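Structure first, then comments.
The values are calculated or read from the model by the stated rules, or taken from the named source; none is laboratory data. Quick caveat: nothing in here was measured; it's all calculated off a predicted structure. No Cβ is skipped: glycine too gets one built from the backbone with ideal geometry, and neighbour counts run over all protein chains shown. Only protein heavy atoms, including side chains, enter the accessible area calculation; ligands, DNA and RNA are left aside. Shrake-Rupley method; radii C 1.70, N 1.55, O 1.52, S 1.80 Å.
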Amino acid sequence: MSYIRKPAFQHPNLPKNEIGLTRRDYEGAMSTLCAGCGHDSVSAAIIEACYALGVEPHRLAKLSGIGCSSKTPTYFLSKSHGFNSVHGRMPSIATGASMANTGLKYIGVSGDGDSASIGLGQFAHAIRRQVNMLYIIENNGTYGLTKGQFSATNDRASVGRKGQKNQFDPIDICSLAIQLGASFVARGFSGDKAQLVPLIESGMAHEGFALIDVVSPCVTFNNHLGSTKSFDFVREHNNAVMATDFVPAREQIHAEYDKGEAVDVQLHDDCTIRLRKLDDDYDPTDRASALKYLADHHDRGEVVTGLLHVDTGIENLRDKAQLVDQPLNELVERDLVPSQALLDEVNQRRRW
Amino acid sequence: MNTQFPETLQQGPADVTSPPLPAAPEGIARASRQPGKSVFLNEHIVEIVSDSGEGAQRCGQSFGSIAARMGNGTWTVEIIPAEIQPPARSIAGASGNRVRLASRPVTNGGDEADLVVAFNEQVLLKRVQEGELKPGCVVLIENKWRTDRNDEIAATYLRTFDRLIADGYDVHEIPMEVECLRYVDNPGRGKNMFALGVLCHVYCFDLQVARKQVAFIFAKKDSAVVDSNIRLLEAGYEWAETNLDIRFYIPPSDVSKPQIVINGNIAVGLGVMASGMEVCAMYPITPATSASHYLSDVFANVGGVVHQAEDEIAACAFAIGSSYAGKCAVTITSGPGFALKQETIALAVMAEIPLVVVNVQRGGPSTGLPTKVEQGDLLFACFGGHGDTPKVVMAASGIEDCFYSIITARKIAETFNTVVVVLTDASLASAQQPIPKPEIDTDWFAPPIDQNAVPIDAKPYDWDATTGLAQRFIPGQPNGMHCLTGLAHDRLSHVAYEPETNQEGLRSRSLKIATLQKTLKTPTVFGESDGEMLIVGWGSTKGAIEEAVECLRAEGRRVSSLHLKFLHPMAAGIREILQCFDQVMTIENNWSDSYENDVIDADNRRYSELAWLLRARFLIDVDCWSEVKGQPLKPNTIVTAVRKKLGRKKTQRKGI
């Protein structure tokens, strides 16, 4: 349906955000995914989050690999830069881009095939390096574009559309990310936009690698009875451990909460994530207990959602590489050519 | 070439055709040179071989550096065992360095060795077996094995020693460890400096220059280590003065410009810096890694990023990401890594992102010969990638050319928004020689990318109908927003599967290569512009081929050579050059079938890679000669192959 153009007309009284843009300004082309696809809800959530944050579209780059999920950047933020790259290689392209231009925000959109199979290595290393980006995995447990093969995140108990048995245990993306040191790990559900939007806002404000694994059912190949990635199954087994509110810097916090009920996590640019525990046993700042909780509840057939782990005290890749504040692509000859004195010093070490 | 084993010439030109020789430096005459005993030479090839870890490589490199300091033209070739720590005294474990030094600049490692220093007879046998020593070669050998407590070792040594003498080698025994023991407790460490001292005396080098070289290579160690090694160097020098009656003097070459001694990988690294690419992505791979290491070392001072990626694919994709975001990047690899990068190289071609890929070729296929040279990736570089992936392929023909090739590559990559592959190889990577110190030229720097707002509705792929070129917008550039894709796309970068759109996209990407071709200069012929045979080569074989051509011409053969820097596209005018010769033959360091095998005929013969390209493009019956021994081609080997091809008749008309 990419040939169907959305009308350019906008109602003059549409609400505007702080930089004077409407929600429509953050939309993209008409989706070509199947009607009812979970991924379209994720695109809508991204649009909502970027509108609410007042993101300047041209200061944002969206990157993706290959797969249904990776097609979605066309369907949101059409006024942003994008790169729909090759299968499983988006993490390294995003790593390179984020080093060359630290001035942009980067959103990576990937799927379970893209990140848990062909690109698992790259995905792991982007986490390990703490690339400064929001990385969304639209996880449906199946290869939609190639017509419904099991993916590596499909639960062992989850059967195929025609009753095929899945013989292998799944890779749990969130557990893997926590284990690898991701500093922001959340799981959302495409059927719960109220939960997802503040997670996306928080992830974009986080300085470091922010992962959101969104269970996003495939209505065509993996939404049947017996699938653990169907809308019905996830709704029934959703265990939201943490409610998340995103409080932008410009808003004063007025509401008072009882002590212990809410925890504020301060982000770098004075934004705040306000967490409210829905399960007293859960501690999002403790990696080991988070991992145990995820494993235990997965075994019970639950889908644990919410902000699962957050650590704001990390050093991201830009810090590790000691990059200058100015984006590398803006440096000119004057900045780049070392002084004669410095060259002499370097050369002196190599001569006698 | 003219390196016959030296007759004992008494202070006179070794070769009457050579230019007049300058007098030996004053210092040497005063120090110890015994007039009447030194043999004046135009050039010599020296090898130092030992077990791995005994320091022959360091000795050889130092010897080469000192020779360069003395004003000689030099070229060093590493002798590398396959394993990091092969067993001691094993034939397979021979490790060391070959140094060719001459009274003129040299362009290749030359033929067989004239003098060899061996730390044991087994590593020496390796070089004998491989035919790397000239008949009558001077052999300086550690003789502690003669009295080894293990009878078998002593017997093996004696047997080999006698055999070498019987075969006509000029063998001299050196009591290296015995002598070293007079100065140090552990002669295993440091006898390479004793050997260096011996060589410095044999080649009439200034001992003070040698002392400085030793102090330099141990600069990071404490002064006791420096002093001890200098003492061993002096001991070797003194021992040779007293006990050895061979001395050679190779006058300095006529070099006036300041020189730097570097290998091809450092030249690549310097080229990366000079071109203004401060972002390099790599994954460790032999023999390419040292280029990135050099950059990493220097970037620590002058600024820049060397990204060690998780794999070769990620390294290439990182570089593409950086180039996409507006900072042109390079990725440096070797064959197996280059194979892995094909996927993302094709992405850069499709999305028209500038990228420089350096492939330091090694023997293949698969893991192949990781430390050894081959020119096996030419066709792969030109035609790798599924679908039509037009890109630029160029090859560096020498160490200095490694430097300039990278600068050219970046400018082409950014001008044409495409991938430029620079092919070097293992022989260039590790060979060291003095080259003229480059003088910075502001033309080297690519102009900064225009990041001003582009007109609203400007198209990201507004391909020019004639040249295929389009202005590129980078992320962050106002109004330049578009979504790049590896899928077929139209001028707006929208995914498009329409027949005409795909046709237009492929045409435009292909036209860029033709447009570049219009800017290339016709390469010049080495030798006369017509004759019996034209040898065509590419890459690191240039020096050896041209030396062979000189030799053949001196024999009266009407042979010339042509060396190609741009392989894809090829410059205009090459067809006309080829047509001026009775025969055309490529000389390459890669595989080609030989008619000597009965099953091979004109219908099934697989040609060398450049020969395929020339045959296909010019419809000329180009022959080829090649070998894949993992060694740089020797001038004399080429001479022999060409002589055989030309036969006895001096003029053989067209036809093969």
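Roughly how much accessible area, to the nearest 100 Å², goes out of reach of solvent when B and A pair up, both sides summed, probe 1.4 Å? Numbers along the way, then the final one.
Details: alone 28160 and 17330 Å², together 41470 Å².
In total, chains B and A hide about 4000 Å² from solvent.
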>> Given a 1.4 angstrom probe, what's the average accessible area per residue across the range B:525-653, in square angstrom?
In response: 44 Å²
>> With angles folded into 0 to 90 degrees, how steeply does helix B:56-69 sit against the dominant principal axis of chain B? Use alpha carbons for both and round to 10.
In response: 80 degrees
>> Sequence gap at least 6, Cα distance under 8 Å: using those rules, report the relative contact order of chain A to the nearest whole percent.
In response: 16 percent
> Relative to the first principal axis of the alpha-carbon coordinates of chain A, what is the inclination of helix A:287-299, with its axis defined by its Cα atoms, in degrees from 0 to 90 and to the nearest 10?
Replying inline: 30 degrees
>> Is the C-alpha gyration tensor of the range B:525-653 telling us rounded, prolate or oblate? Criteria: a/c under 1.5 is rounded; beyond that, a/b larger than b/c is prolate, otherwise oblate.
In response: rounded
> In the range B:470-485, which residues give up 10 Å² or more of accessible area once the other protein chains are added, compared with their chain alone (1.4 Å probe)?
Replying inline: B:475, B:476, B:478, B:481, B:482, B:483, B:484, B:485
>> Averaged over its residues, how many other protein chain Cβ atoms are within 10 Å of peptide A:334-344's Cβ atoms?
In response: 3
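Before I look further, what does chain A give for accessible area per residue, probe 1.4 Å, in whole square angstrom? Please report the intermediate quantities before stating the final value.
Values: 15290 Å² over 352 residues.
Computed with neighbouring chains in place, this is 43 Å² per residue.
Under 8 Å for C-alpha pairs, at least 6 residues apart: give me the relative contact order for chain B, rounded to a whole percent. Intermediate values should be presented prior to the final figure.
On the way: 1411 pairs, mean separation 71.9, N = 656.
Computed value for chain B: 11 percent relative contact order.
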> the range B:485-503 to the range A:5-29: how many Å between their Cα centroids?
Replying inline: 27 Å
> Using θ = phi - 60° and the Karplus curve 6.51 cos²θ - 1.76 cosθ + 1.60, what whole-Hz ³J(HN,Hα) does each residue of the range B:526-537 get, with Gly and Pro shown as x?
Replying inline: 8, x, 7, 7, 8, x, 5, 8, 10, 8, 10, x
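Please list the equivalent ellipsoid semi-axes of the range B:450-519, computed as the square roots of five times the alpha-carbon gyration tensor eigenvalues, in descending order and whole angstrom.
Details: eigenvalues 89, 57, 16 Å².
With the √(5λ) rule applied to the range B:450-519, the semi-axes are 21, 17, 9 Å.
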> Residue-wise, which Karplus ³J(HN,Hα) couplings in Hz belong to the range A:315-321, taking 6.51 cos²θ - 1.76 cosθ + 1.60, θ = phi - 60°, and x for glycine or proline?
Replying inline: 9, 8, 4, 4, 5, 4, 7
> Can you list residues whose amide H is under 5 Å from residue B:190's amide H, if they're 5+ apart or on another chain and H is modeled 1.01 Å from N?
Replying inline: none
>> Only four residue types carry charge here, +1 at the Cβ of Lys and Arg and -1 at the Cβ of Asp and Glu. Report the dipole size of the range A:97-237 about the Cα centre in Debye, rounded to the nearest 20.
In response: 300 debye
>> Once each part is reduced to its C-alpha centroid, what is the distance from the range A:289-321 to the range B:546-596 in angstrom?
In response: 64 Å
> Taking trypsin sites (Lys or Arg not before Pro) that fall in a DSSP loop and have at most 13 other Cβ atoms within 10 Å as cut points, what is the longest piece of chain B between them?
Replying inline: B:222-517
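Loop by DSSP (not H, G, I, E, B), at most 13 other beta-carbon atoms within 10 Å: where is the longest site-free stretch of chain B for chymotrypsin sites (Phe, Trp or Tyr not before Pro)? Intermediate values should be presented prior to the final figure.
Numbers: sites that count: B:497, B:595.
Result for the longest clean stretch: B:1-496.
Between the DSSP loop rule and a limit of at most 14 other Cβ atoms within 10 Å, which GluC sites (Glu not before Pro) in the range B:485-546 are left?
Working: sites: B:500, B:504, B:528, B:532, B:546; in loops: B:528.
Answer in residue order: B:528.
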>> Using the Cα centre of chain A as origin and beta-carbon charges of +1 (Lys, Arg) and -1 (Asp, Glu), tell me which of A:305, A:209, A:352 is placed farthest towards the positive end of the dipole.
In response: A:352
> What number, rounded to the nearest 500 deg cm²/dmol, is the helix-based mean residue ellipticity at 222 nm of chain A, given -39500 (n - 2.57) per DSSP H run of at least four residues and division by all its residues?
Replying inline: -8000 deg cm²/dmol
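List the GluC sites (Glu not before Pro) within the range B:84-165 that fall in a DSSP loop (any state other than H, G, I, E or B) and whose Cβ has at most 14 other Cβ atoms within 10 Å. Kindly include the intermediate steps, with their values, before the conclusion.
Working: sites: B:112, B:121, B:130, B:132, B:142, B:152; in loops: B:112, B:130, B:132.
Sparse-neighbourhood loop GluC sites (Glu not before Pro): B:130.
DSSP loop (so not H, G, I, E, B), at most 14 other Cβ within 10 Å: list which chymotrypsin sites (Phe, Trp or Tyr not before Pro) in the range A:112-201 pass both filters.
Values: sites: A:123, A:135, A:143, A:150, A:168, A:184, A:189; in loops: A:168.
Those that pass, being in a loop and sparsely packed, are A:168.
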>> Past the 39 angstrom mark, what percentage of all C-alpha to C-alpha distances in chain B do you count?
In response: 37 percent
> Considering amide H positions built from the backbone, and no H for Pro or chain starts, which residues 5 or more places from residue A:28, or on another chain, come under 5 Å of its amide H?
Replying inline: A:76, A:77, A:78
>> Below 19 Å, Cα to Cα, which lysines can residue B:372 reach? Residues fewer than 8 away in the same chain don't count.
In response: B:126, B:542, B:629, B:634
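Eigenvalues of the Cα gyration tensor times 5, then square-rooted: what semi-axes does that give for the range A:9-162, in whole angstrom, largest first? Write out the running numbers ahead of the final one.
Working: eigenvalues 155, 85, 25 Å².
So the equivalent ellipsoid measures 28, 21, 11 Å along its semi-axes.
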> For the modelled label position 7 Å from the Cα of residue A:334 along Cα-to-Cβ, which residues of the range B:431-452 have backbone nitrogen atoms closer than 19 Å?
Replying inline: B:442-443, B:445-452
> Quick one: with all protein chains in place, what share of the accessible area of the range B:378-512 is carbon or sulfur, to the nearest percent (1.4 Å probe)?
Replying inline: 54 percent
>> Less than 28 Å apart at the alpha-carbon level, and either on another chain or at least 8 residues along: which lysines does that give for residue A:320?
In response: A:62, A:105, B:220, B:327, B:341
>> Whole angstrom only: what separates the Cα centroid of the range B:308-368 from the Cα centroid of the range A:31-61?
In response: 32 Å
> In whole Hz, what ³J(HN,Hα) sequence does the range B:118-127 give by Karplus (6.51, -1.76, 1.60; θ = phi - 60°), x for Gly and Pro?
Replying inline: 10, 7, 7, 6, 5, 5, 5, 4, 4, 6
> Can you list the aspartates and glutamates whose alpha carbon sits under 20 Å from that of residue A:229, skipping same-chain ones fewer than 8 residues off?
Replying inline: A:40, A:112, A:114, A:138, A:155, A:169, A:172, A:192, A:213, A:296, A:299, A:302
> So what are the range A:140-268's ellipsoid semi-axes, whole angstrom, largest first, if each one is the square root of 5 times an eigenvalue of the alpha-carbon gyration tensor?
Replying inline: 33, 16, 13
> By how many degrees, 0 to 90 and rounded to 10, does the Cα axis of helix A:193-205 deviate from the longest principal axis of chain A?
Replying inline: 10 degrees
>> To check my understanding: the extent here is largest minus smallest coordinate of the Cα atoms along each principal axis. What are those three numbers for the protein assembly as shown, in Å, largest first?
In response: 102, 69, 58
> DSSP beta bridges in the protein assembly as shown, what fraction antiparallel, as a percent rounded to 5?
Replying inline: 35 percent
>> With the cut-off at 1.5 for a/c, could you classify chain A from its C-alpha gyration tensor as rounded, prolate or oblate?
In response: rounded
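Can you give the net charge of the other residues whose Cβ lies under 10 Å from the Cβ of residue B:321, counting K and R as +1 and D and E as -1? Kindly include the intermediate steps, with their values, before the conclusion.
Values: positive: A:89, B:327; negative: none.
Summing Lys/Arg as +1 and Asp/Glu as -1 gives +2.
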> Taking square-rooted eigenvalues a ≥ b ≥ c of the alpha carbon gyration tensor, is the range B:134-183 rounded, prolate or oblate, where a/c under 1.5 means rounded and, failing that, a/b exceeding b/c means prolate?
Replying inline: oblate
>> Taking amide H atoms as placed 1.01 Å from N in the peptide plane, list the residues 5 or more away in sequence, or in a different chain, whose amide H sits under 5 Å from that of residue B:393.
In response: B:421, B:567, B:568
